[in-house]
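Contents: one structure, followed by commentary.
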2 protein chains.
Amino acid sequence: MPASPRASRDWGRCDLTFVELAEGTAVAGVFTRNVCCSSEVELGRQNVAQGRARALVVNAGNSNAFTGYRGREAVEAIMVQVSAHLGCPQEQVFVSSTGVIGVPLPKDKAKAGIEAALLAEPCDWQAATETIGTTDTFAKGAMAKAVVDGRTVTLGAIIKGSGMIAPDMATMLGYIFTDAAAEPGFLQALLSAANQRTFSCITVDSDTSTSDTVLAFATGAAGNAPLTSFDSAGADAFAAALEDVCRQMAHLVVRDGEGAQKFIAVTVSGAVSDESARKVGLAIANSPLVKTAIAGEDANWGRVVMAVGKAGEPADRDRLSIGFGGTWAAREGQPLADYDEAPVAAHLKGQDISIEVDLGLGEGRATVWTCDLTHGYISINADYRS
Amino acid sequence: MPASPRASRDWGRCDLTFVELAEGTAVAGVFTRNVCCSSEVELGRQNVAQGRARALVVNAGNSNAFTGYRGREAVEAIMVQVSAHLGCPQEQVFVSSTGVIGVPLPKDKAKAGIEAALLAEPCDWQAATETIGTTDTFAKGAMAKAVVDGRTVTLGAIIKGSGMIAPDMATMLGYIFTDAAAEPGFLQALLSAANQRTFSCITVDSDTSTSDTVLAFATGAAGNAPLTSFDSAGADAFAAALEDVCRQMAHLVVRDGEGAQKFIAVTVSGAVSDESARKVGLAIANSPLVKTAIAGEDANWGRVVMAVGKAGEPADRDRLSIGFGGTWAAREGQPLADYDEAPVAAHLKGQDISIEVDLGLGEGRATVWTCDLTHGYISINADYRS
């Protein structure tokens, strides 16, 4: 990995991870669109604009969201403390927080936690991934390599999310580190594009967190000529590797979705555009009736029809085809006369489920990923009292 | 009630209800916006335009949705059969179907069912309400009266919906019968307005059925001067009575929501418009995290903040206030320093829950209604295998 993390787990519910980044590290980020976002998200979005990062700080246990000016002061205090230590501009310190909402981050504890982390020995990435997690049931990381300008660059990434327990908020925090050299603007363009096809194509329960953040850091240690556009040597390979780690991480979040027993890929083809296909896919992936049908191993394609129809996107009932695991159940608006449910039933007993929808209208195509909706989800979110 | 129903329950999963309406009865309707709607919905929407109705036929057990031309032929055969019997134009026969999707309505069985219903003795409305139901757990009806042009008119209504069991689709079918005289165009305007504040403000699980239909029939037997606009004598009283029965019926559907243990009213004020308030309310009412929190009797206002933020409507985190049962938990973007959770905890133990949200931006206001999300919902929709 192109950076070394340090962790401090000594202050109760607020575990802290600190990663120092080489001078000149390029940064790009994508953030939640939830308008009730945390101060961390507001400041992160603002600071990504200058393009450089020297440090990442992640608090786990307190999301610091909906905490007003006190929450914002706590984040700014962390930025001041870390930038003084590193001798860098304040806006090059990126802070994320995840956990309980509505409790201002305690400034004194955060200060002590950072002092401890700055002095700590570097830890391994497994430990760092565990430290940024809250109720995640396993540590999630991804790796990819690409040849850029004659040099092999590495992309390493860690992510937390989708394991949540009342009263904590669902949050997804992901960080990608690479030794490639890249201009911040181009890194941002690549991250935004990859995000659109990966993180923006997953859903566990349709609820958008107030803290979702994905940051990419490119230290430049590999020594390649900086990637500035798709004309740069190796840009395509790097973009593919970046999307690869984003997709790996997105899938891990879904596999650890609350109460998930099955991983579901919904592929929509024949839409009027890729974006329309993605929206239809998300309508299916967010339908409680579709998700419970999969939990019950029920090839209930009527519920898929319903979800397509409510998506608000162009669709024609009489051109619609629906299949499971590669077997069509309905074609062009009608159940197949010779539909054989046996292979579909066998497919639905597995853990990796695919749903195929062909709208029969155009060339638009997208795949989205979700998990089934089970008693486990209700137990995690309702049976627990704060 | 201004009409008498007949029922035929002799053909297995397709129970049939038939209501003959007096000549000249005005009709108005609102229908699902699901683009994969059934032929019944397509034909109903088309036939409402001519404004008059002589009969209503409801099949329960087979929604006839996603059945292509064969499904449409089955509906047209029913319309021909009933119109021949009554000697009326075909388009004055309104047909609804609810139940399993993707199986064409069997034409021979439907014909025999209608013959039986035409010959049957009138039944009472309790029996008719039970006959249109599928997996509803109780029969749902509503009544209201209004003085119009010196005469007391009655509005009676029946509805089914929200109890569903795989592989059946959720469907809501509602019928309002009144002896008032009203021009179809004005009746439609009143029904559309009432629908926007009642049926369009309820949600059980965010999944929009392919068959949802609400029809209003005005026979004119009361002998009032026909209502043609809000300038007609009694129009305001009639409009209020119509909205009253629509609201009663909408609430009954939510109270019978799948697995529901609590009835939840979400009131949003301070929005930029009433429509914006309704959308924010529905984002809260559709959030699985909010609904499971209420199921767990957990005053988790952080989840309400999240849902407001993801609604896609204007909101300002730092002006947002949230309460339960009339007690504020957070005001203007921050938890209340002196927040007393005791009255909130007591409120959440009840069956009728209210959530109050003040966006602090404008005068827009709306109330939406939903139910909690419980293990019962999962059991009904996942544990059963088709």
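Please treat every number below as a calculation from the coordinates, not as lab data. Remember, predicted model here, so these are calculated numbers, not experimental data. Cβ coordinates were reconstructed from backbone atoms using ideal geometry, including for glycine residues, and neighbour counts include every protein chain displayed.
Mind giving me the FRET efficiency for residue A:363 and residue B:33? R0 is 41 Å, r the Cβ-Cβ distance, nearest 0.05 is fine.
0.95
Give the residue list of trypsin sites (Lys or Arg not before Pro) in region B:346-386 that are DSSP loop and have at most 15 other beta-carbon atoms within 10 angstrom.
Hits after loop and neighbour filter: B:349, B:385.
With 10 angstrom as the radius, rank A:244, B:274 by how many other C-beta atoms surround their C-beta, starting from the fewest.
B:274, A:244
Do me a favour and compute the ellipsoid semi-axes for region A:76-226 from its Cα gyration tensor, root of five times each eigenvalue, largest one first, whole Å.
Over the Cα atoms of region A:76-226, the ellipsoid semi-axes are 27, 22, 15 Å.
With both bridge residues required to lie in chain A, what share of the DSSP beta bridges run antiparallel, to the nearest 5%?
Bridges in chain A are about 70 percent antiparallel.
Assume the label is 7 Å from Cα along Cα to beta carbon: what separations in nm does residue A:314 have to the matching positions in the other copies?
Between copies, matching label points for residue A:314 lie 3.2 nm apart.
Starting from the Cα of residue A:50, step 7 Å along the direction of its Cβ; do the same at residue A:121; then give the gap between the two resulting points in nm.
According to this spin-label approximation, the distance is 3.5 nm.
Give the longest segment of chain A that steers clear of chymotrypsin sites (Phe, Trp or Tyr not before Pro) in DSSP loops with at most 12 neighbouring Cβ atoms within 10 Å, not counting the sites themselves.
Counting only loop sites that pass the neighbour cut-off, the longest clear stretch is A:231-386.
Return the equivalent ellipsoid semi-axes of the protein assembly as shown as a descending list in whole Å, where each equals the square root of 5 times an eigenvalue of the C-alpha gyration tensor.
53, 30, 21
Could you please rank B:306, B:79, B:143, B:249, placing first whichever residue has the fewest other Cβ atoms within 10 Å of its Cβ?
Ranking B:306, B:79, B:143, B:249 by Cβ neighbours within 10 Å, fewest first, gives B:143, B:79, B:249, B:306.
So for the protein assembly as shown: antiparallel DSSP bridges make up what percent, rounded to the nearest 5?
Counting DSSP beta bridges with both partners in the protein assembly as shown, the antiparallel share is about 70 percent.
So for A:201, A:123, B:371, fewest C-beta neighbours within 10 Å to most, what's the order?
In order of increasing Cβ crowding within 10 Å: A:123, A:201, B:371.
At 222 nm, what helix-only mean residue ellipticity would chain B give, in deg cm²/dmol to the nearest 500, using -39500 (n - 2.57) for each DSSP H run of four or more?
-10000 deg cm²/dmol
Just how large is the dipole of region A:18-93 about the Cα centre, in debye to the nearest 20, putting +1 at every Lys and Arg Cβ and -1 at every Asp and Glu Cβ?
Rounded to the nearest 20 debye, it is 180 debye.
Which trypsin sites (Lys or Arg not before Pro) in region B:45-151 sit in a loop by DSSP (not H, G, I, E or B) and have at most 15 other Cβ atoms within 10 Å of their own Cβ?
Taking region B:45-151 and a limit of 15 other Cβ atoms within 10 Å, no loop trypsin sites (Lys or Arg not before Pro) are found.
State, as an integer percentage, the relative contact order of region B:263-383 based on alpha-carbon contacts under 8 Å between residues 6 or more apart.
Dividing the mean separation by the residue count of region B:263-383 yields 45 percent.
Taking a label point 7 Å out from Cα toward Cβ, give me the nm distances from residue A:341 to the same spot in the other copies, shortest first, one decimal.
Counterpart label points of residue A:341 in the remaining copies fall at 4.7 nm.
Which distances, shortest first and in nm, link residue B:274 to the matching position in the other copies, using label points set 7 Å out along Cα to C-beta?
4.3
Tell me whether region A:263-383 comes out rounded, prolate or oblate; compute the Cα gyration tensor, take square roots of the eigenvalues as a ≥ b ≥ c, and use a/c under 1.5 as the rounded threshold.
Because a/c hits 1.5 or more and a/b fails to exceed b/c, region A:263-383 counts as oblate.
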